[in-house]
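The values are calculated or read from the model by the stated rules, or taken from the named source; none is laboratory data. Predicted model, so just to flag it, every value in this text is computed and none were measured. We place every Cβ from the backbone using ideal geometry, glycine too, and count neighbours over all the protein chains shown. Please note that ligands, DNA and RNA were not included when accessible areas were found on the heavy atoms of the full protein model with its side chains. Shrake-Rupley method; radii C 1.70, N 1.55, O 1.52, S 1.80 Å.
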Number of protein chains: 2
Amino acid sequence: MRAARRTPRLAGLALTLLATAAVAQPPAKTLTPAEVLDASPKADWRPLVPERTLYLDLPAGRVIIELSPAFAPNHVGNLRVMTRERYFDGLAVIRVQDNFVVQWGDPEEGERAKPLGSAKPRLAPEFVRPDLKGVAWTRLPDRDVYADEVGFADGFPAARDPKTGRAWLAHCYGSVAVARDNDEASGSASQLYAAIGPARQLDRNLTVVGRVMQGMELLSALPRGTGRLGFYEDAKGRTPILKLRFASELPAAERTPLEALRTDSKTFETITELKRNRRDAFYKAPAGHIDLCAVTLPVRPIAP
Amino acid sequence: MRAARRTPRLAGLALTLLATAAVAQPPAKTLTPAEVLDASPKADWRPLVPERTLYLDLPAGRVIIELSPAFAPNHVGNLRVMTRERYFDGLAVIRVQDNFVVQWGDPEEGERAKPLGSAKPRLAPEFVRPDLKGVAWTRLPDRDVYADEVGFADGFPAARDPKTGRAWLAHCYGSVAVARDNDEASGSASQLYAAIGPARQLDRNLTVVGRVMQGMELLSALPRGTGRLGFYEDAKGRTPILKLRFASELPAAERTPLEALRTDSKTFETITELKRNRRDAFYKAPAGHIDLCAVTLPVRPIAP
C-alpha cells in the first residue's frame, strides 16, 4: 500500500504530472503541461524540415538530429557532402565519457582512416554569430551562470552577450557539436559529439551544429568507454553506425516525421513558467527559476 | 593522420589534460589539474568514513555512496536500520528516466511489498537545515540560477540562502535522495534515487541523503525504462540489488577504501579555478564561471 502510493507519487518528480495547486477548496484548476500541450493550437508547432534533419541509424534505433545552418552554415554544408557520399556509414560511436560526451566518427587513424571524399578537411570555426539578425530569439527570464542572456534561437538553446549582440548555441544535454584539434580551424564535422552532461564550458569554443530531437537515450545509455577520456579500448565496445542520412534523402515511408513546439509560442511560455514554478501537490518550494539546459523542448510525431 | 591528431585533441574536452597556456614563448608552465592533484599534500584528502559510506552492489559492480547525516540524520539513521536488516538485498533498480533519475527499491506494492522491519515507515522531511553550524562551507565564486549562494558543505554540493542562513544539499549528477509521496513526510529512504540529469528544481523539495562517489556509470548507463516516468514495464529490465551494506559492516578485505579531495583545501580552490577558466591550448574562450553541478569532486583509491 505504501509502495503503491509511493511509486505513482514519484510521478511528482516528472514534468508531466503537475496537478491542481494545493490551495483552499475549491481549487482553481491549473492545467498540467501535458494538458497545455494537448490544448495547444497546431500553429504553435513546427514540423522538422527534412533538409535540416539528420537520421543517425544505430542497431538499436534512430537518433534524430535537427541542424542549425543559421549558426553553422559551413559545417552543416560539409555534413551534407559527407552524408551524400556515405562517409559515416559503417563508422562508429567511439567514445562515451560518463556525464560528459558521446562521440562518433572514424575509429581508424592515419593511413587506415576513411577518405573524406569531396568534403573539406578543415573549416573555419563557427563558434559565435555576430548577431541574431534573421533568427527568432526567445529569451528566458532567468539569470545564467555562463552568460548574461540565454534562451532559444530558432528553437535551439543559445546564449547572447547583450553588450556585443554576439550569440552562440549552448552545450545542453543532446547538443551536437564538431570535434576538433587544438587549432580552432581543424574541425570538419567528420567527428561529432553529443553532450550527455554539463558541458557549458565548451560554449564559444566548439562549433555546435544542432541537437538531438529524438532517440537521445540510444546514445546516453551506451556503455561508457573504459579508455582515456571514455574512448573504447576494445573495438568490440563500439556501436556501429548503420547509416547517416538527411531526412530529405529518404522516401517518405522511411522518414520519421516530427514536430517541435515553437519556442516563440504562448504555449512554450506557459510551459516554461509551469516548470519554473511547480504548483502541483508534490512540490513544496517552487524553484522560481529554471536553467537553460533544464528546459526541454516538446517534440512529438506528426499525426499522419 | 588527421584522425590521429583529432582523437587525442578531443582530449582537450576533458578536465585532465589542461596543457601549458598558449602564450608567447617561452610559456610559463601552468600545472594541469592532474598535476595539481599529484602534487597535493596528503592533508588535502580525507578518507571516506566507513560508518557513512554505503556500498550498493549490483551485478556489474559496486556503487559507492557517501551519506550526509549532517543534513539528513533521521533518514540516514533509517537507512542504517534497513541496511542492517538487509531490507534492500534482492530488491532492484526499478526506474531509469533518461536525463533525470535512476531509482531503486521494492518493485512490489501492497501486500506483496517487502516489510520494512524495524525501520520507520515515514519520516519528517529533512529538506533544509536552519544554518550551517558545525558544517564546513566552501563557497563557490559564481552566481547560480537556483540559489544566491552555492558551494560545498562538508564536501557535498549545496546551496545557502544568505538572508536566512538556511542551507540544503543540491541535486547534482550523482546526488542521492529519498523518494516520497505528495505528503512531504511520507519518505522513509526505502526508495532512493540518484540524479542523472538536471534536477535542481527538486532542491528543498526532497531529502538528499548523499551522493555517489564511485561507480555512477553503473547507474547512468542502465537501459532507460520504457514505462511512464521511466519505470520498467517488464520485470526483466530491472537490475537486481545484490546487497546494500555500510562499509563499516564489512571486513577490511571487502571494503573499497576511497579518499576525496577536501573542498576546503587550497588544492580544491586551485582546481576549481582551473576549471572556471581553462587556459590550455584547446580552449579559446575561458568560461569565466562554473556551475555548481559542473564541479566534480576528485576521488581516488587509498593506496594500501
Reachable aspartates and glutamates, given that their alpha-carbon falls under 13 Å from the alpha-carbon of B:LYS42 and they are not under 8 places away in the same chain: B:GLU259
B:GLU111-B:ALA124 pseudo-label distance in nm [points 7 Å out on the Cα-to-Cβ vector]: 3.6 nm
Peptide B:94-100, shielding by other chains (average Cβ, 10 Å cutoff): 5
Residues with amide H under 5 Å from that of B:GLN214, placed H, sequence gap 5 or more: B:ILE64
Pairwise centroid distance, computed over Cα atoms, of segment B:118-187 with segment A:187-219, Å: 31 Å
Percent RCO, i.e. relative contact order, over chain A, from Cα pairs under 8 Å lying at least 6 residues apart: 27 percent
Sulfur and carbon atoms: percent of accessible area, segment B:76-138 [1.4 Å]: 52 percent
Nonlocal amide H pairs with A:ALA287, under 5 Å, H built at 1.01 Å: A:ARG278
√(5λ) per eigenvalue of the Cα gyration tensor, segment A:222-273, largest first, Å: 35, 23, 7
Nearest-0.05 FRET efficiency for B:ARG228 and A:LEU242, computed from C-beta distance (R0 25 Å): 0.25
Selection from B:LEU37, B:LEU132, B:ALA177, by position along the positive dipole direction of chain B (Cβ): B:LEU37
For chain B, calculated [θ]222 nm from helices alone, where every DSSP H run of n ≥ 4 adds -39500 (n - 2.57): -3500 deg cm²/dmol
Stretch in chain A that is longest and holds no trypsin sites (Lys or Arg not before Pro) that DSSP places in a loop and that have at most 11 other beta carbons within 10 Å: A:164-304
Residues along segment A:104-120 losing 40 Å² or more of accessible surface when the other protein chains are present rather than the chain by itself (probe 1.4 Å): A:GLU109
Projected area, mean over directions - the protein assembly as shown, Cα convex hull, nm²: 28.9 nm²
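Using only protein heavy atoms and a 1.4 angstrom probe, determine the accessible area buried between A and B, summed over both sides, in Å² to the nearest 100.
On the way: alone 15330 and 15330 Å², together 24150 Å².
For A against B, buried area totals roughly 6500 Å².
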Under the Debye formula (equal points on every Cα, no solvent term), log10 I(q)/I(0) of segment B:62-119 at q = 0.19 Å⁻¹: -0.88
Cα-Cα separations in segment B:124-229 greater than 23 Å, expressed as whole percent: 30 percent
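For segment B:255-304, what does the relative contact order come out to in percent, with C-alpha contacts under 8 Å and a separation of six or more?
After rounding, I find 51 percent.
Run the dipole for the protein assembly as shown about the Cα centre, Lys and Arg Cβ at +1, Asp and Glu Cβ at -1, nothing else charged, and hand back the magnitude in debye, nearest 20. Could you put the intermediate results ahead of the total?
Details: 86 positive and 72 negative charges, 6 e Å.
Its charge dipole is roughly 20 debye.
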Rounded to whole Å, sorted largest first: equivalent-ellipsoid semi-axes of chain B, Cα gyration tensor: 35, 22, 19
Pairs from A:LYS163/B:LYS284; B:LYS114/B:LYS243; B:LYS163/B:LYS266; A:LYS275/B:LYS163; B:LYS133/B:LYS163; A:LYS284/B:LYS133 whose Cα-Cα separation, in the structure shown, is over 18 Å: A:LYS163/B:LYS284; B:LYS163/B:LYS266; A:LYS275/B:LYS163; A:LYS284/B:LYS133
Exam field: B:LYS266 pseudo-label spacings to other copies (7 Å along Cα-Cβ), nanometres: 6.1
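Roughly how compact is segment B:47-186, stated as its Cα Rg over 2.2 N^0.38 Å to two decimals?
1.14
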Heavy-atom accessible area per residue - the protein assembly as shown, 1.4 Å, Å²: 40 Å²
For segment A:204-304, alpha-carbon Rg relative to the globular expectation (2.2 N^0.38 Å, N residues): 1.49
All-pairs Cα distance distribution in segment B:24-88, expressed in whole percent, bin size 10 Å: 16, 30, 23, 16, 9, 4, 1
GluC sites (Glu not before Pro) within segment A:227-304, DSSP loop, no more than 15 other Cβ atoms inside 10 Å: A:GLU233
Exercise: per-residue mean of other protein chain Cβ atoms within 10 Å, B:208-220: 2
Length released on extending from A:VAL49 to A:ILE302, taking residue separation times 0.36 nm less the Cα-Cα span: 89.8 nm
